[in-house]
1. For the chain, take the longest principal axis of its alpha carbons; what is the angle in degrees between that and the long axis of helix 81-92, to the nearest 10 within 0 to 90?
2. If contacts are Cα pairs under 8 angstrom and at least 6 residues apart, what is the relative contact order of region 181-302 in percent?
3. I want to verify a result. In a Gaussian network model of the chain, Cα cutoff 10 Å, which of these has the top mean-square fluctuation: R199, R58, R116?
4. Output needed: percent of Cα pairs per 20 Å distance bin for the chain, bins running from 0 to the one holding the longest distance.
5. Taking the Cα atoms only, what angle lies between the long axis of helix 261-281 and the longest principal axis of the chain, rounded to 10 degrees?
6. Going by how many other beta carbons lie within 10 Å of each one, how would you line up H436, H33, H86, fewest first?
7. Which ordering of T347, T213 is given by a fewest-first count of other beta-carbon atoms within 10 Å?
8. Looking at region 241-324, what % of the alpha carbon pairs are farther apart than 16 Å?
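Rule-based calculations on the coordinates, nothing more; no lab input. Bear in mind that the values here come from a model prediction, so they are computed numbers and not experimental data. Counting neighbours? That spans all protein chains shown, and the Cβs are built from the backbone with ideal geometry, glycine included.
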Amino acid sequence: MIWLFVVGTLLRELVRTFLVPLRLLAYLPFRHHWRRVAKDVLAEMAQADAAAATSDLREFFAKRRPWRGARPHLFVSAGEASGEQHAARLVQALPATVRTTAFGGHVLADVGALVRVQLSEHAVMGVRGVCKQLPLLLRAFADFLRLLRDDPPDLIVLVDYPGLHLVMAKAAKRRGIPVLHYVAPQYWAWGPWRMRRYRRAVDATLTILPFETAFFRRFRVPASYIGHPLLDDLATSPPDAGAVAAVRATRTLVLLPGSRSAEITNNLPGMLTIAKALRARDPQLRVVAPHKNPRRTALIRELLAQHDAAFVEHHEGPLATWLAGAHLILAKSGTGSLEACLHGVPTIVVYQLHGMLSTLGYHNILSVPWIAAANLIAGQRVVPEHCFAGERGWQRVQQEAERLWSDEGAREAAIAGLTVVRRRLGQPGATARVAHIVRTFLQLEGKP
């Protein structure tokens, strides 16, 4: 029976995938409406602080029930490395009385979770990645259904990774098991028509950007802003002051081309062109391309050699020291660009489009007026952002870089804007807030 359900779900998801072009066509006549909604929400939140983004979860807490067993049973799932880090911190923040089973990897296993499927060790992106790992995903879903049948949890926490997790959430809801989604999907930017399905699948969602709660509330999804995990990272592992001073001793340009191989291949060559132009104006500048993932080292060094950029230093490991000490940062749009902004250093955010579909999507499907998280948080353009296709876009980025490199007035204005972003994000403590919500739901502390 379980595998019949798995096959039925697969067929349903395939039909849904094939209908995406029709959904997009149906969305196009209404895109201006959704853009107005996004603009109104961002303007509303720009007048408030992080505290205004929080929301009570009374509807979610109303679904609490007595434990099914002698101890509370929590199921946590993380489909990629970053999500597994969030999940592991959550498990660590819970009392030992909580029995935790999980989909994830060795990080979750190290903190005491019983990992049933090594899901985060085989993270997938895009249609090709899903097809390649389809047997693993089907086995994981079948195992999840067995868990729901044989050892149902008292609460399910799904971390990011909305593709598979949304399918899992719907299966859990059918069996009356509450589902909490940690790190809300960016449906407010791409495809708000998916909100209806999302509302039916989850009982509540936890957002890491303050403006997101207002979007989800408009679709009657219980939502609460719990803070951004990057703030926790900065609070617990601040960069060494001496190391930052050493970087600042020489004016340094930092390049963040992205975390994935395709992003690095797309963005690093253009960034190197800008680095060469700045170096022609300021021969003493230092150029650094740091990266957290050592698996990207070979690719980065290969691209540096191909583009005659031996002057660029590549360093593996944490980014904080380089970001805090930089004079200017070029960052691909994403979490890395927000991390750069949180260090208060002038930053230019870029996103190079490839192919007709991505270009059409940017111009016709994107609901929000900006792509940079810093601008969305501030409700205004506080960092330059450039989303483009072709080499002319890099020329505009170069002009912006030359201005921010040497124009002190422009640099001061940029730094002031980043101060607004940091203030609107609120205080560290994302993991503590999620853990409090989970403990409260499991009736291990206080009232909601």
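1. The angle comes out at about 50 degrees.
2. 18
3. R58
4. The calculated distribution, bin by bin, is 23, 56, 20, 1.
5. For helix 261-281, the angle is close to 20 degrees.
6. Working: H436 16, H33 12, H86 21.
Ranked by crowding around the Cβ, least crowded first: H33, H436, H86.
7. T213, T347
8. 50
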